[in-house]
């Protein structure tokens, strides 16, 4: 869990919530999750 938060902090917009609209913030969080998931799949394959 701690490593996941450390990874999220690298995305400055998510860590500081610069985006004013919730939909933009949610989209960035989903994009980050998809990138992390595909990286994980690539590492396990």
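Some observations on this one:
- Residue-averaged 222 nm ellipticity for the chain, from DSSP H runs of 4+ at -39500 (n - 2.57), nearest 500: -25000 deg cm²/dmol
- Here the chain yields Rg over Rh of 1.03, to two decimals, using C-alpha coordinates and the Kirkwood radius.
- C-alpha long axis of helix 22-44 to longest principal axis of the chain, angle in °: 10 degrees
Only the coordinates and a few stated rules stand behind these numbers; no lab work does. Because the structure is predicted, anything quoted here is derived from the model rather than measured.
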